[in-house]
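For reference, the structure discussed in these notes is given below.
We did not get these values from a lab; they are worked out from the coordinates using the rules stated. Since the structure is predicted, the reported quantities are computational estimates derived from the model, not experimental observations. Methodologically, a virtual Cβ is constructed for each residue, glycine included, from the backbone with ideal geometry; neighbour enumeration extends over all protein chains shown.
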Amino acid sequence: MAKPPRPVFRNIHVSQIVSYRLPPAGIVSILHRISGALLFLLLPFIVWLFDVSVSSEVSYERFTAAFTVGLAGLPGWVVKLVALALIWSYLHHAIAGVRHLWMDANHSVGKEQGHSSAIVVLATSLLLTALLGARLFGLY
């Protein structure tokens, strides 16, 4: 009896990236890498934020002024957007990291379980970012 032909997989071309439909697990994986890179690249800014916020009362006033008045020629809303990007990066990276640890422990390695856990990661990180972003921009 003849074997059925094996499926042919091919790499996609760069021009096909926009039209390629990535599954949610792939999106979470790529965003996990992007958020980790963003956290790494903005590490000096994160250390500065922490240092200025806890050094003294005067430095804390300077810290809060960066979010209202601005910093180094940038308006305050740009500093808030950078902080919001850091908030999203941290939340997504942490939640996706827990998902990867869960999957590495062989608790959810099926296709459907990977799909649903990826949706949970995306929804949770975006919801928490929206809540903290609303607080950052003074909506509540």
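Tell me whether the stretch 105-123 contains one or more residues that are touching a residue at least 24 places away in the same chain (Cβ under 8 Å), within 22 Å of F45 (Cα to Cα) and not β-branched (V, I, T). The answer is no; no qualifying residue exists.
Looking at P23, P44, P4, just one residue is farther than 21 Å from L128 by Cα, touching a His at 6+ places or on another chain (Cβ under 7 Å) and not basic (K, R), and that residue is P23.
Kindly indicate whether any position in the stretch 101-117 is more than 20 Å from P23 (Cα to Cα) and of a type in the set (K, R). No, the conditions are met nowhere in the stretch 101-117. Within the stretch 45-65, is even one residue farther than 23 Å from A123 by Cα, touching a helix residue (DSSP H, G or I) at 6+ places or on another chain (Cβ under 7 Å) and charged (D, E, K, R)? Yes, that holds for at least one residue. The residues in the stretch 19-62 that are under 30 Å from V109 (Cα atoms) and either under 20 Å from the mean Cα position of the chain (by Cα) or of a type in the set (D, E, K, R) (or both) can be counted, and the count is 20.
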